[in-house]
Each structure stands twice: as structure tokens, then as C-alpha cells.
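Student: Please see the structure below; I have some questions.
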Amino acid sequence: MVTYEQRRQEIEQYFDRTAADTWAKLTSDAPVGRIRQTVREGRDTMRAQLLDWLPEDLSGKRVLDAGCGTGAFSVEASRRGADVVAVDLSPTLVALAQERVGNTAMRGSIDFQVGDMAHLDLGTFDHIVAMDSLIHYESEDGLRTLAAMAETVNSSIVFTFAPKTPLLTAMHSVGQWFPRGNRSPAIAPMAVSQLQRAVASQPEFAQWQMARDFRVSRGFYISHAMELTRR
């Protein structure tokens, strides 16, 4: 089994070097191919849903955007008044996010940082958002990361994971046919029932409960969102 550290290095290598230009284009308004367009549309739908789970007015609230990428979620949260800490493993993506923010009008603020979302000492937050940042880690590592987040947040954690579906398994197999340099880090699917059992039984989540969930399946983008709230 791939360790957390090994997978983290793969993710950093991929987003910081191999696919930096591709990711920059995908998260912009630039034309993309049919397959990548489905990914863009799927991510836009998921981002809108996660935002909908947060309060409309985030004035005075601290929000962690764990795995912020090019910063689209951070910008929307700060427009609602949140003080956002936006963290990503990739210095290249963080630099692009800072460039894109520029002089964007925001009621809150964004503090961009390069680092590992599971190993940061940034104080406490009102909400933590982890959109598509846990999907590459094995289920045990993903749950440990969620447990670490739970210690630092007062209200809710909203996150996405790769659900175990036949279609996602088939798409992952097709991806292995590409030359290694063109592959993204492996996706580690997790069953919804497995996650529900973990939250219900593990002591790290004793003060938490499952709330809403939502799935997006748009072409080559398949992701499942869940919300954890304090009891």
C-alpha cells in the first residue's frame, strides 16, 4: 500500500510540475477538450454545492480551504466575508491563485500558504472545506486527515471523496494506459458505507455527525461530497 508521504510527493510532483499548465487552463475560462470540459463543469457544480452548505454571511468566520488549488473556492468564501486560510502542496498553484486574486473585491481576506493540510498549526476554524483534496489518499490516510481537521474546527467540515462505483473503476483502469508522465496520481475510491461506519464508530468523531451529502457525476468527473457537523 502506498504511504501517505509517498502519495503526497506524487501529488506535489504532478500539480507543481507535470500538470501545472494543464491545471491552470482547466481552472480558467480557456477552451478545453470535451473530456476536460466535463471535469470543469463537474468541479463548478461541486464547488457551488459546497458553498451552499456554508452560511451565506461568513463575516468574522475563519475558513480553511484545504487543497485550495488555484483559489476559486477561497475567493467565493472571502466574498461572503470569511477570513480564509488557503493551503496547497503545490507552490506553482498557490502562486497562480495569488496572481488570479489580484485586486478582486472581497469582504474578507485570503492568506495563501504552501503546506500539507494534515500537518499545519494554524489555530482553529469555524469551517473547513476540502474539495477533491482527499481523493488520492488511501481510506485510512483520508480518515486520519479528517480526524486531524476535526480537532481544529468549531462548526463543520465539508469534503469530497471518490466514491466506489463501477464507472470510476473503469475510468481509473483506462487512465493506466497513458504514459506514466501523463498520469495523474492514482485515485483511491471509498465506499459511502465505509465512511459512515468510521464516523459512527471511531472515537475521533465522537462529537461529530454526518449531515448532508451530494454526488456529482459529469463525464470524467465523479465526486461525492459529505458534511460533518458538531453534535
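Student: Which net charge results when you count Lys and Arg as +1 and Asp and Glu as -1 among the other residues whose beta-carbon is under 12 Å from that of L143?
Tutor: -2
Student: Return the single residue from R47, R100, R80 with maximal mean-square fluctuation; model: Gaussian network over the chain, springs between Cα atoms under 10 Å.
Tutor: R100
Student: If I build a Gaussian network model for the chain, linking alpha-carbon pairs within less than 10 angstrom, which residue out of G33, G81, G219 has the largest mean-square fluctuation?
Tutor: Its mean-square fluctuation being the largest, the pick is G33.
Student: Relative to the Cα centre, what is the charge dipole magnitude of segment 1-88, using +1 at the beta carbon of each Lys and Arg, -1 at the beta carbon of each Asp and Glu, and rounding to the nearest 20 debye?
Tutor: 180
Student: Also, quick follow-up: Of the listed peptides 157-164, 38-45, what is their order by residue-averaged count of other C-beta atoms within 10 Å, with the highest listed first? Walk me through the intermediate numbers first.
Tutor: Values: 157-164: 22.4, 38-45: 17.4.
Ranking, from highest mean packing down: 157-164, 38-45.
Student: Mind checking which of V84, V216, V129 has the largest fluctuation in a GNM of the chain, springs on alpha carbons under 10 Å?
Tutor: Judging by the Gaussian network model, the answer is V216.
Student: Assuming 0.36 nm per residue, please report the length gained on full extension of the stretch A191 to R17 beyond their Cα-Cα distance.
Tutor: Contour length minus Cα-Cα distance gives 59.5 nm.
Student: Let me check against my output: what whole-number percent is the relative contact order of the chain, with C-alpha pairs under 8 Å and at least 6 apart? Walk me through the numbers before you get to the answer.
Tutor: Working: 408 pairs, mean separation 48.2, N = 231.
Reported relative contact order: 21 percent.
Student: Within 13 Å, Cβ to Cβ, of L50, how many net charges do the neighbouring residues add up to if Lys/Arg are +1 and Asp/Glu are -1?
Tutor: -2
Student: Let me ask something additional. Quick check: net charge around G69, other residues with Cβ under 12 Å of its Cβ, Lys/Arg +1 and Asp/Glu -1?
Tutor: -1
Student: Sort the following peptides by mean Cβ neighbour count (other Cβ atoms within 10 Å, averaged over residues), highest first: 146-156, 64-74. Intermediate values should be presented prior to the final figure.
Tutor: Working: 146-156: 16.8, 64-74: 25.7.
Ranked from most to least packed, the peptides come out as 64-74, 146-156.
Every read-out reported here was derived from the displayed coordinates using simple, explicitly stated rules and does not represent laboratory data. All of these numbers come straight from a predicted model, not from anything done at the bench. FYI the Cβ positions are ideal-geometry reconstructions off the backbone, even for glycines, and counts take in every protein chain you see.
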